[in-house]
Amino acid sequence: MSVQEGVLFIVSAPSGAGKTSLIQALRAREPGLQVAVSYTTRPPRPGEIDGVHYHFVDRETFLQMRQAGAFLESAEVFGNYYGTAEESVRQGLRSGRDLLLEIDWQGARQVRKRFPQAVSLFILPPSQAVLAERLRGRGQDEESVIAKRLAEAAEDMRHGKEYDYLIINEDFSQALEALQCILRTTHLRLSSHKDPRVQALVFHSAIT
């Protein structure tokens, strides 16, 4: 019996919208969901582990991989490169695992061309004022960097209309519930059409 291919979910958000926290909470609820580990040339942040949060590589290695066509998508963000290895994604989906890609809108565009069946979600902050407050609350960046991130966030949010679903992360628990509902609804839609009883009662009946 062949294994049913997994579903590819794309999640994007401007910096500070709470995407990482939502995904961590979602994985706790949906242990079968795997996050594709991307490659990046940026240095690790405190607490980040190579191979878990990202594959941290130098610029030369990244560019060699991109030249060899190893990436499903790649982009330069704030002077650093990010990319997702295509073969690892395809292997994961073939094994039946659902995969989640945390990528920006540029990468999402590239992935949708190769995987038009992917389900895309965009996480929004309640407002730009709240986003600014969250970025400053991290205490990780200088004010000049925060200003740059806010400008970039405004550009990112203009591309939200390209996604299948938009979720405003104002109340964390409600945003998390919305994410989980989208995952489960996607599987209900796919599995219902592949159920042998549905095939016999609906599709077979339609041609007899």
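Can we say Phe62 is within 23 Å of Ser15 (Cβ to Cβ), out of contact with any helix residue (DSSP H, G or I) (no Cβ under 7 Å at 6 or more places or on another chain) and at pLDDT 95 or above? It is true that Phe62 is within 23 Å of Ser15 (Cβ to Cβ), out of contact with any helix residue (DSSP H, G or I) (no Cβ under 7 Å at 6 or more places or on another chain) and at pLDDT 95 or above. The residues in the range 111-131 that are surrounded by 13 or more Cβ atoms within 10 Å (Cβ to Cβ) and either among the polar types (S, T, N, Q) or over 21 Å from Ala17 (Cα atoms) (or both) can be counted, and the count is 7. Can you name the residue in the range 129-173 that is basic (Lys, Arg) and under 22 Å from Ala118 (Cβ atoms) and, of all such residues, is farthest from the chain's Cα centre (by Cα)? Within the range 129-173, the match that is farthest from the chain's Cα centre (by Cα) is Arg158.
A Cβ distance below 6 Å, combined with a sequence gap of six or more or placement on separate chains, defines the contacts here; from the range 56-69, residues that are more than 18 Å from Glu87 (Cβ to Cβ) reach residues that are surrounded by 14 or more Cβ atoms within 10 Å (Cβ to Cβ) in the pairs Arg59/Thr41.
For every residue, the table says whether it meets (1) within 28 Å of Tyr165 (Cβ to Cβ); (2) in contact with a strand residue (DSSP E or B) (Cβ under 7 Å, 6 or more places away or on another chain); (3) not hydroxyl-bearing (Ser, Thr, Tyr).
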residue	(1), (2), (3)
Gly18	yes, yes, yes
Thr40	yes, yes, no
Gly47	no, no, yes
Ala85	yes, yes, yes
Leu101	yes, yes, yes
Gly107	yes, yes, yes
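Results for (1) surrounded by fewer than 20 Cβ atoms within 10 Å (Cβ to Cβ); (2) within 13 Å of the chain's Cα centre (by Cα), shown as yes or no for each residue.
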{"residue": "Gln4", "(1), (2)": "yes, no"}
{"residue": "Leu8", "(1), (2)": "no, yes"}
{"residue": "Ser12", "(1), (2)": "no, yes"}
{"residue": "Gly16", "(1), (2)": "no, no"}
{"residue": "Ser21", "(1), (2)": "yes, yes"}
{"residue": "Gln24", "(1), (2)": "yes, yes"}
{"residue": "Arg27", "(1), (2)": "yes, yes"}
{"residue": "Glu30", "(1), (2)": "yes, no"}
{"residue": "Tyr39", "(1), (2)": "no, no"}
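For every residue, the table says whether it meets (1) over 28 Å from Thr185 (Cβ atoms); (2) surrounded by fewer than 18 Cβ atoms within 10 Å (Cβ to Cβ).
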position: Gly83; (1), (2): yes, no
position: Val89; (1), (2): no, no
position: Gln106; (1), (2): no, yes
position: Arg109; (1), (2): no, yes
position: Glu133; (1), (2): yes, yes
position: Gly137; (1), (2): yes, yes
position: Glu142; (1), (2): yes, yes
position: Ala151; (1), (2): yes, yes
position: Ile168; (1), (2): no, yes
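For the range 1-42, the tally of residues that are part of a loop (DSSP other than H, G, I, E, B) and more than 20 Å from Gly107 (Cβ to Cβ) stands at 8.
The values are calculated or read from the model by the stated rules, or taken from the named source; none is laboratory data. Owing to the predicted nature of the structure, the values given are computational and were not obtained by experimental measurement. In this analysis, Cβ positions are derived from the backbone assuming ideal geometry, glycine residues included, and neighbour counts consider all displayed protein chains.
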